[in-house]
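*Asks:* Handing you this structure, nothing more for now.
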Amino acid sequence: MPFTYILFSKKLNKYYVGACVDMKRRLYEHNIGHSKFTSTGIPWELKWTKEFETLTLAKAFEQKIKRMKSRKFIEDLVAGR
């Protein structure tokens, strides 16, 4: 099942937005330093997910969130607003 997801690093006080098919595996990869970009923020906490029918739709929503360039928008999603 494809997902768009939001992670949070207390260490960096930053959010990370991504899309994947296997959420459990992807979160594990982020937290073992598999991705150079997110390795400095370990540990990452999963804050929000949304399931989609296709990976293409999940990636499109990921890009929509990133285009907003707004921490408030991300925090509103996480808070369920």
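The values are calculated or read from the model by the stated rules, or taken from the named source; none is laboratory data. Just so it is clear, the model here is predicted, and its values are computed rather than measured. We place every Cβ from the backbone using ideal geometry, glycine too, and count neighbours over all the protein chains shown.
*Asks:* What are the residues in segment 35-74 that are in contact with a Phe, Trp or Tyr (Cβ under 8 Å, 6 or more places away or on another chain) and of a type outside the set (A, V, I, L, M, F, W, C), if any?
*Replies:* Hits for segment 35-74 are Thr38, Gly41, Glu45, Lys47, Thr49, Lys50, Glu51, Arg71.
*Asks:* Could you please find all residues in segment 1-29 being among the aliphatic types (A, V, I, L, M), surrounded by fewer than 20 Cβ atoms within 10 Å (Cβ to Cβ) and at pLDDT 95 or above?
*Replies:* Leu12, Val17, Val21, Met23, Leu27
For (1) over 12 Å from the mean Cα position of the chain (by Cα); (2) hydrophobic (A, V, I, L, M, F, W, C), each residue gets a yes or a no:
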residue: Asn13; (1), (2): yes, no
residue: Gly18; (1), (2): no, no
residue: Arg26; (1), (2): no, no
residue: His30; (1), (2): no, no
residue: Gly33; (1), (2): yes, no
residue: Lys36; (1), (2): yes, no
residue: Trp48; (1), (2): no, yes
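*Asks:* Here is a further query. Would you call Lys59 surrounded by 13 or more Cβ atoms within 10 Å (Cβ to Cβ), among the basic types (Lys, Arg) and more than 17 Å from Pro2 (Cβ to Cβ)? Quick ask: steps written out before the conclusion?
*Replies:* Values: surrounded by 13 or more Cβ atoms within 10 Å (Cβ to Cβ): yes; among the basic types (Lys, Arg): yes; more than 17 Å from Pro2 (Cβ to Cβ): no.
When the stated conditions are applied, Lys59 does not pass them.
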